[in-house]
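The next block holds one structure in the form of structure tokens; read it before the comments.
The values are calculated or read from the model by the stated rules, or taken from the named source; none is laboratory data. Quick caveat, the model's predicted, so the values are computed rather than measured. Note that we place each Cβ from the backbone using ideal geometry, even for glycine, and neighbour counts take in every protein chain shown. Note: areas computed on protein heavy atoms with side chains; ligands, DNA, RNA excluded. Shrake-Rupley method; radii C 1.70, N 1.55, O 1.52, S 1.80 Å.
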Amino acid sequence: NTYCSIMSTKETASGNDIFTDENFPQIILNRIWSYLISEAPFDDGITLTCKAFRDITYKHPSHASRFHFRLEPLFRLNNIEKNHNKFQIGAALTEATRRAIIVPSVKDAITDNPNATFPFKQLKVFNVTESCQLKDVIPFFEEFKGNIKFMSWNSAKFLNQDLNKYYAELEPNDDQKDNEDKDKKKEELIPAPLTACTLFSLITRRRWHDSINLNGRFPNLLCLAWTIEWYTMFDLIQQFFDSHSDSIAMLHLDFNFNLPRDIKNKWAEEARDENNPNPTRLKLKLPKNLEICVLSALNAETAKFIDIDFSECRHKLKQLVCLMNTTAICNPMFLDGKGNKNLQYLVINDMAGIHNIKWDALKIGTNTINKIDNIYLPCTPQWANKISASCIGEFPDLESVKECIENVEMRRVLRDLNCEQRRHYLWGLFWHERHGIGMKKLKILETEWKRQASVEYF
């Protein structure tokens with residue numbers, strides 16, 4: 001009503017209202033709407049019925065950044081009996097749902113809806129929630145295969161379902177054009193590679209089902225953030241790395257699990273056995289084109305059983321971030337004397353990690369085996385300079401890191417992530433505390449980028 005009362009009084013020179021005047025510049029409408037949307041955000045579950053007004057509102061370019069697509073089958077829409085659109089703009093549940101276009105079913109809201117109103121495919125970020133099953137995500141992947149730019153999965157149920165059993169239980173004519181198409185869909189969870197996806201964030205709590213294959217499904221993947229919540233899936237993770245090694249430029253690995261006591265005791269005993277040349281370890285070999293790497297391990301004792309092989313990417317790395325309990329994991333690379341000829345930014349964000357720094361091996365400031373002039377210690381901003389004159393008590397600047405990245409598309413993604421709606425993807429890289437120095441610097445940089453874009457536009 002607020003929008004309509006304002007705009008109903010506005011007429012163009014031709015006597016038409018601005019909705020129906022084809023000659024009225026779209027850019028002016030967008031600027032008006034930018035102000036209105038900022039000052040009067042959508043109510044929870046709002047439904048717009050005036051077609052012209054609805055179209056200009058839903059198609060406003062800011063929505064691609066303001067909102068994300070949230071596939072949540074168990075979500076109950078407001079006024080579900082009257083909501084013929086089968087989606088909801090925002091819900092006052094969490095900060096994430098406040099800025100979400102919540103869709104319980106892709107079929108109901110989009111695929112089988114002849115009157116779909118919202119331009120879903122203009123959105124950049126897509127979130128697949130924990131409750132999603134195969135019947136929810138397969139239509140989703142088919143509908144948005146060419147549109148998903150950034151995507152996150154949160155321990156989704158479908159990863160533990162039998163894909164072959166799912167297709168076998170479908171009715172013969174249900175979503176299947178013919179047997180040949182059906183057999184083809186059996187082969188992959190994601191039938192068509194997600195070519196537009198450049199950022200993939202996922203949490204996995206166990207091995208996914210043997211019938212599910214994720215390898216090679218993201219041919220242009222640049223940024224991968226993986227929270228690993230159990231130790232039995234390292235072989236699957238390695239297969240995923242190997243199938244995307246040409247494209248991955250930024251990797252965030254969070255080892256968020258604690259090995260069972262009996263397993264730790266068994267593996268420790270193997271390590272002590274002088275006659276055992278290959279004691280059990282959790283090993284990962286990183287992709288060859290990696291330029292930014294972030295590592296974190298929840299449990300210090302578990303971290304002692306993790307080996308990271310940097311051999312393929314050591315001279316490609318520009319920034320290495322050691323969050324909890326991971327400095328010691330990187331030390332074998334620093335101690336072997338081969339160096340990291342392009343490594344410029346080393347960030348250590350836990351006090352135990354500071355004590356594990358191999359100062360002599362790093363040869364800071366010599367520009368011989370690396371390009372490191374300073375070590376960044378954001379966990380101790382007050383004391384960093386007292387530890388060493390080479391220490392800085394904050395995260396490096398995004399702009400500086402971005403400029404040293406070789407991959408042009410990766411630089412664009414970093415720029416695209418520095419906004420209020422997507423800055424959480426930069427956690428651990430350039431900020432840690434919500435109101436800390438890193439976050440303040442990112443906001444200042446975002447403002448400067450917007451100013452530059454405005455100047456260039458005019």
Among what's in the stretch 133-174 and is part of a helix (DSSP H, G or I), modelled with pLDDT of 90 or more and open to solvent by 50 Å² or more (accessible area, probe 1.4 Å), pick the residue that is farthest from Asp210 (Cα to Cα).
-> Glu142
Of the candidates Asn340, Asn325, Asn265, the one satisfying the condition of being open to solvent by 10 Å² or more (accessible area, probe 1.4 Å) and either out of contact with any strand residue (DSSP E or B) (no Cβ under 7 Å at 6 or more places or on another chain) or basic (Lys, Arg) (or both) is Asn265
By my count, helices (runs of 4 or more DSSP H) wholly in the stretch 354-416 with at least 3 residues that are farther than 27 Å from Cys223 by Cα are 359-362, 384-387
Limited to the stretch 203-224, what total is found for residues that are under 18 Å from Asn407 (Cα atoms) and in contact with a strand residue (DSSP E or B) (Cβ under 7 Å, 6 or more places away or on another chain)?
-> 5
Does any residue of the stretch 294-314 turn out to be in a strand (DSSP E or B), modelled with pLDDT of 95 or more, open to solvent by 10 Å² or more (accessible area, probe 1.4 Å) and over 25 Å from Leu414 (Cβ atoms)?
-> yes
Count, please, the residues in the stretch 315-353 that happen to be on the phi < 0 side of the Ramachandran plot and part of a loop (DSSP other than H, G, I, E, B).
-> 16
Assigned to a loop (DSSP other than H, G, I, E, B), surrounded by fewer than 20 Cβ atoms within 10 Å (Cβ to Cβ) and touching a helix residue (DSSP H, G or I) at 6+ places or on another chain (Cβ under 7 Å): does that describe Asn258?
-> yes
Within the stretch 92-128, how many residues turn out to be at pLDDT below 85 and within 16 Å of Gln421 (Cβ to Cβ)?
-> 6
Mind checking which residues of the stretch 95-109 are assigned to a helix (DSSP H, G or I) and crowded, with 21+ Cβ neighbours inside 10 Å?
-> Val106, Ala109
Given Glu72, Glu39, which one is among the acidic types (Asp, Glu), at pLDDT below 85 and open to solvent by 10 Å² or more (accessible area, probe 1.4 Å)?
-> Glu39
Restricting attention to the stretch 116-135, does a residue exist that is of a type in the set (Asp, Glu) and in contact (Cβ under 8 Å) with a residue 24 or more places away in the chain?
-> yes
Assess whether Asn370 counts as being among the polar types (S, T, N, Q) and either open to solvent by less than 20 Å² (accessible area, probe 1.4 Å) or touching a Phe, Trp or Tyr at 6+ places or on another chain (Cβ under 6 Å) (or both).
-> yes
